[in-house]
1. Please go through the stretch 301-331 and pick out each residue that is open to solvent by 10 Å² or more (accessible area, probe 1.4 Å) and in contact (Cβ under 8 Å) with a residue 60 or more places away in the chain.
2. If I ask for residues that are under 18 Å from Ser164 (Cα atoms) and either modelled with pLDDT of 95 or more or open to solvent by less than 40 Å² (accessible area, probe 1.4 Å) (or both), which ones from the stretch 195-213 would you list?
3. Give the residue, chosen from Val56, Val20, Val34, that is open to solvent by less than 30 Å² (accessible area, probe 1.4 Å), in contact with an Asp or Glu (Cβ under 9 Å, 6 or more places away or on another chain), assigned to a loop (DSSP other than H, G, I, E, B) and β-branched (Val, Ile, Thr).
4. Output the residues belonging to the stretch 286-317 that are within 15 Å of the ligand (Cβ to nearest atom), acidic (Asp, Glu) and either farther than 27 Å from Gly67 by Cα or outside any helix (DSSP H, G or I) (or both).
5. With under 20 Å from the mean Cα position of the chain (by Cα), farther than 20 Å from Thr314 by Cα and among the small types (Gly, Ala, Ser) as the only criterion, which of Gly219, Gly199, Gly273 stands out?
6. Can we say Leu251 is more than 25 Å from Asn330 (Cβ to Cβ), of a type in the set (A, V, I, L, M), in contact with a Lys or Arg (Cβ under 6 Å, 6 or more places away or on another chain) and more than 16 Å from the ligand (Cβ to nearest atom)?
7. Take the residues in the stretch 274-285 that are away from the ligand (no atom under 11 Å from the Cβ) and assigned to a loop (DSSP other than H, G, I, E, B); name whichever of them is surrounded by the most Cβ atoms within 10 Å (Cβ to Cβ).
8. Give the residues of the stretch 178-187 that are among the small types (Gly, Ala, Ser) and open to solvent by 10 Å² or more (accessible area, probe 1.4 Å), sorted by residue number.
Amino acid sequence: MAEHFTEQIVFNKPKIELHVHLDGAIRVETILDVARRRGITLPAGTVKEMTHICVVHQPATLTEFLGKFAEYMHVIAGDREAIKRIAYEFVEDKAKEGVIYVEVRYSPHFLANTDVEPIPWNQKEGDLSPDEVVCLVNQGLAEGEKAFNIIARSILCCMRHMPSWSKDVVELCKKYKKDGVVAIDLAGDESLNCEAYPGHRMAYEEAERCGVHRTVHAGEVGPASVVKEAVEVLKAERIGHGYNILEDQVLYKQLLEQNMHFEVCPISSKLTGACDPDFTKHPVITFRKDKANYSLNTDDPLIFNSTLHLDYSTAQNYMGFTEEEFKRLNINSANSSFLPEKEKKDLINKLYEAYGMVDGFVGSSSVLDGFLLGDGELRNGDRMLGHSGYNPLSHFIVF
Ligand SMILES: O=c1[nH]cnc2c1ncn2[C@H]1C[C@H](O)[C@@H](CO)O1
């Protein structure tokens, strides 16, 4: 088991999670169960042994971490029942953590066994296409939403090393926009420069043209220039991780002004070797000081043997996060979600209510009261809301 501290629940209130990979959040029990049903032999027969194999135990490299997916993806990929099941169970697990809104991401190609070249995970060709994978995940998420009373949306990932898949990915985002697919992402090994890969660029241009939201893994282990490229070339609206933005202070200030959202994953950032393992030096401490817009996320809880509670307790115990900051970052996360505006407004109001910030209700005449807690200082670029209306794009939470 990865060396963690005793898990505490330090923020037992409704939460938003924007950066978590479906294929990095599968239950070990399910992997074993599906393997048994399909007659697939695994190197481990018990949950304890299989957990040991799937988990990154010590800070490693992103490449070593990505290698962990090969331990179990062949069990789930190509199996309709398993794919729907992992989506459903994912929603159940998130509901148990107190998440009320989640955007979960995955590569449809990594779960398919036909219409994908090359066929991943050494599978034999079958008849499950990336398109049908998206339908199955949508079904699992929708059933989970009903059963566990949370909202689950999905993001489809392009993979850095497979630019030839990206056109399909954006087409699937367009096709399933009405079925809960809210955005496109670019995941995988960031040291591969996407400028050299027109496949990704063209997919992101099409996404922008068609109103598909865009996030990009950037500045996780790659330099600030990858973040710059994500923002300027791929027109990313959010950045996955983004820690190395701090290397380029000019760009960082510009993104602060733009209220760019950073999807921060504390436990992940230690175990992928993205950040110093000493959490007291974590970039999110600077983000907090600068009142940046960011979320706290698990990324791949299966592989980090973690939960969202662990990310929050780490933030509290090692980075000095307070309850007020947890509220602030969750409201900012809701505001940076890829929901349509009306649903976003409802979600933000749900948080205000749960956090006892009823004066902050979006649409109420005293909306400013909810914003100006703490020092109440406005940063350059912060805009105050008038009493008359709600503009989520200019909606900053200032504590
Ligand atoms: O933290 C990550 N950085 C880059 N790529 C990642 C990370 N976590 C998961 N992935 C990759 C591996 C998955 O198979 C893929 C789609 O979810 O995204």
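The values are calculated or read from the model by the stated rules, or taken from the named source; none is laboratory data. On a predicted model such as this, the values are computed, not experimentally measured, just so you know. Here the Cβ positions follow ideal geometry from the backbone for every residue, glycine too, while neighbour counts run over all protein chains shown. All accessible areas refer to the heavy atoms of the entire protein, side chains included, with ligands and DNA or RNA removed. Shrake-Rupley method; radii C 1.70, N 1.55, O 1.52, S 1.80 Å.
1. If the condition is that a residue be open to solvent by 10 Å² or more (accessible area, probe 1.4 Å) and in contact (Cβ under 8 Å) with a residue 60 or more places away in the chain, then Pro301, Leu302, Asn305, Ser306, Thr307, His309, Gln316, Asn317, Glu323, Glu324, Glu325, Lys327 are the ones that fit.
2. To start, the set of residues in the stretch 195-213 that are under 18 Å from Ser164 (Cα atoms) comprises 195-207.
Across the stretch 195-213, the qualifying residues are Gly199, His200, Arg201, Met202, Ala203, Tyr204, Glu205, Glu206, Ala207.
3. Exactly one residue qualifies, and that residue is Val56.
4. Asp299, Asp300
5. That would be Gly219, the only listed residue that is under 20 Å from the mean Cα position of the chain (by Cα), farther than 20 Å from Thr314 by Cα and among the small types (Gly, Ala, Ser).
6. Criteria met by Leu251.
7. Result: Cys275.
8. Gly180
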